[in-house]
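Step one of this worksheet: look at the structure below.
The values are calculated or read from the model by the stated rules, or taken from the named source; none is laboratory data. Remember, predicted model here, so these are calculated numbers, not experimental data. Neighbour counts run over all protein chains shown; Cβ positions are idealised from the backbone, glycine included. Note: areas computed on protein heavy atoms with side chains; ligands, DNA, RNA excluded. Shrake-Rupley method; radii C 1.70, N 1.55, O 1.52, S 1.80 Å.
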Amino acid sequence: MKVRNKGKRLSGYLADYVVFDLETTGINPERDDIIEISAVRVCGHEITGEYSTLVNPGRHIPAGATAVNGITDAMVADAPGIQSAIAGFLEFIGNSVLVGHNIHTFDTNFAYDAAWESLGKELDNDYVDTLFMARRCLPELSHHRLTDLAEHFKIETKGAHRALNDCIMNQKCYEEMGKILERRKKESGTKGEGEDDKELTCPICGGMLIKRKGKFGYFYGCEGFPRCRFTQNISSTLS
């Protein structure tokens with residue numbers, strides 16, 4: 001298995017971050033290529049800038065990929081190659097925390113490999129995967145695709161599966177789920193923005209660990225209980 005020195009996955013609600021999304025020729029980073037990269041910079045919960053480019057993969061785009069995102073060979077014929085595109089992306093994001101949907105196992109892997117193979121640079125930004133966030137904020141939904149979240153929050157889904165449109169859609173969904181997290185933190189008495197999100201993340205389902213009192217004292221338990229029964233001793237969390 002390929003080792004990627006990626007940043008840590010966070011679980012909190014941030015005011016400043018960069019949402020990013022990729023379109024690719026397929027789902028395997030070992031053999032498929034990026035054909036579109038988009039990102040939007042967010043400061044104080046508002047979009048303040050964007051980066052978006054098609055990418056010429058140097059090969060035919062499979063019909064299956066075109067059926068999903070609508071990107072054709074003709075559209076990328078004059079687009080920059082991956083080296084230029086990923087360099088622009090890295091410059092745009094800087095050291096910002098990244099936000100994206102299903103990026104833990106998909107987009108960050110594609111982007112990491114592209115940065116390393118094209119430029120010899122590691123994509124080690126910390127990141128928030130809104131798929132994990134959606135599973136704990138909206139357990140009542142039967143599916144947690146980005147379009148499912150958008151429809152739940154009554155956010156426009158027109159143009160889905162194009163990278164920039166998905167970034168904007170995801171930013172709005174992230175803000176809505178952030179409000180849910182903030183409300184839950186106030187209700188449970190946990191800390192707000194700035195706490196160590198990694199320490200408070202369930203390693204099983206990605207949910208938030210909440211301080212609870214049991215027979216033998218206080219412990220951290222997953223908020224997904226009873227669906228997820230992970231618990232952690234408070235002393236081991238603080239060590």
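Taking the listed residues G64, G49, G26, the one that is closer than 30 Å to K179 by Cβ and not basic (K, R) is G49, with no other qualifying. Any residue in segment 101-113 that is assigned to a loop (DSSP other than H, G, I, E, B), under 10 Å from the mean Cα position of the chain (by Cα) and within 26 Å of V3 (Cβ to Cβ)? Among the residues of segment 101-113, at least one is assigned to a loop (DSSP other than H, G, I, E, B), under 10 Å from the mean Cα position of the chain (by Cα) and within 26 Å of V3 (Cβ to Cβ), which makes the answer yes.
The set of residues in segment 4-21 being open to solvent by less than 10 Å² (accessible area, probe 1.4 Å) and closer than 21 Å to G120 by Cβ consists of F20 alone.
Checked against (1) in contact (Cβ under 8 Å) with a residue 24 or more places away in the chain; (2) acidic (D, E); (3) open to solvent by 20 Å² or more (accessible area, probe 1.4 Å), E91 passes all but condition (1).
When each of S96, S52, S38, S84 is tested for being assigned to a loop (DSSP other than H, G, I, E, B) and of a type in the set (S, T, N, Q), the lone residue that passes is S96.
For G44, indicate whether it is open to solvent by less than 30 Å² (accessible area, probe 1.4 Å) and without any contact (Cβ under 8 Å) to a residue 40 or more places away in the chain. Can you show your working first?
Working: open to solvent by less than 30 Å² (accessible area, probe 1.4 Å): no; without any contact (Cβ under 8 Å) to a residue 40 or more places away in the chain: yes.
So G44 fails the test.
Restricting E187, E182, E195, E122 to residues that are at pLDDT below 95 and either assigned to a loop (DSSP other than H, G, I, E, B) or crowded, with 17+ Cβ neighbours inside 10 Å (or both) narrows the list to E195. When segment 135-148 is limited to residues that are in a loop (DSSP other than H, G, I, E, B) and either of a type in the set (K, R) or open to solvent by 60 Å² or more (accessible area, probe 1.4 Å) (or both), the one that is nearest to A65 (Cα to Cα) turns out to be R145.
Would you pick out the residues in segment 149-163 that are part of a loop (DSSP other than H, G, I, E, B) and free of Cβ contacts under 8 Å to residues at least 12 places away in the same chain?
The initial filter retains those residues of segment 149-163 that are part of a loop (DSSP other than H, G, I, E, B), namely 153-162.
Answer for segment 149-163, where residues must be part of a loop (DSSP other than H, G, I, E, B) and free of Cβ contacts under 8 Å to residues at least 12 places away in the same chain: K154, K158, G159.
Conditions (1) small (G, A, S); (2) out of contact with any Gly (no Cβ under 8 Å at 6 or more places or on another chain), marked per residue:
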| residue | (1), (2) |
| --- | --- |
| T108 | no, no |
| D113 | no, yes |
| Y127 | no, no |
| H152 | no, yes |
| A160 | yes, yes |
| K172 | no, yes |
| I180 | no, yes |
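Looking only at segment 49-69, residues that are open to solvent by 60 Å² or more (accessible area, probe 1.4 Å) and either in contact with a helix residue (DSSP H, G or I) (Cβ under 6 Å, 6 or more places away or on another chain) or not aliphatic (A, V, I, L, M) (or both) come to 4 in all. The selection criterion, being modelled with pLDDT under 95 and in contact with a Lys or Arg (Cβ under 9 Å, 6 or more places away or on another chain), holds for E30.
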